[in-house]
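Here is the structure we will look at.
The values are calculated or read from the model by the stated rules, or taken from the named source; none is laboratory data. If you're wondering where the values come from, they're calculated on a predicted model, not measured in any experiment. Here Cβ is always computed from backbone atoms with ideal geometry, including for glycine, and neighbour counts include all displayed protein chains.
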Amino acid sequence: MKRKNGFTKMVMAIAMIICLAFILPAQAKKVMSAKDFIAECKQQIKEINVENARIMFDSGEWTFLDCRTNKEFKRGSVPNAAHVQRGVLEFKIEKKFPDKSAKIVVFCKSGSRSTLSVCTLTKMGYTNVVSMSGGWKKWVSDGHPVS
């Protein structure tokens, strides 16, 4: 009888180990740096250069969204740009842009926060959002209009 109990315990232990071998990897989270996270988001969004952003600006069909901080925004922005800081985007965007099909060019200082913002907006159901690579710095250095 003892031999049968020991065998049963051993089989149960092996079965448990096999189950854990399949469950644990599925539960493991991928740890990423900010750079990795931005790179992953760039694969999921549409990004445009400043030259194309200027064409969109001139068309008047696109709204520009500045996702920099209040302090950065007060120093200057793209004329008539809407402003929602990256840190509160998820909470305030629907008041600024209730239409999820609105044409929006998102920008920040250099392009990282706008990438994350567009990734978020896409997940929230916005369908016509793009990130301006190079951001505000490139817009200004290329001599485009500022307010």
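Which members of the range 74-92 meet the condition of being under 27 Å from Asp36 (Cα atoms) and over 14 Å from the mean Cα position of the chain (by Cα)?
His83, Val84, Phe91, Lys92
Taking the stated definitions as given, is Lys35 at pLDDT below 95, outside any loop (DSSP other than H, G, I, E, B) and loosely packed, with under 11 Cβ neighbours inside 10 Å?
Details: at pLDDT below 95: yes; outside any loop (DSSP other than H, G, I, E, B): yes; loosely packed, with under 11 Cβ neighbours inside 10 Å: yes.
Here the answer is yes, as Lys35 does meet what is asked.
Need the failing condition index for Lys30 against (1) more than 14 Å from the chain's Cα centre (by Cα); (2) assigned to a loop (DSSP other than H, G, I, E, B); (3) modelled with pLDDT of 95 or more, just the number.
Failing condition for Lys30: (3).
Is it the case that Asp99 is at pLDDT 95 or above, more than 21 Å from Cys41 (Cα to Cα) and acidic (Asp, Glu)?
Here the answer is yes, as Asp99 does meet what is asked.
Here is a yes/no grid of residues against (1) assigned to a strand (DSSP E or B); (2) of a type outside the set (A, V, I, L, M, F, W, C); (3) surrounded by 20 or more Cβ atoms within 10 Å (Cβ to Cβ):
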position	(1), (2), (3)
Ile93	no, no, yes
Pro98	no, yes, no
Ser101	no, yes, no
Val105	yes, no, yes
Lys109	no, yes, no
Thr115	no, yes, yes
Thr120	no, yes, no
Lys138	no, yes, no
Pro145	no, yes, no
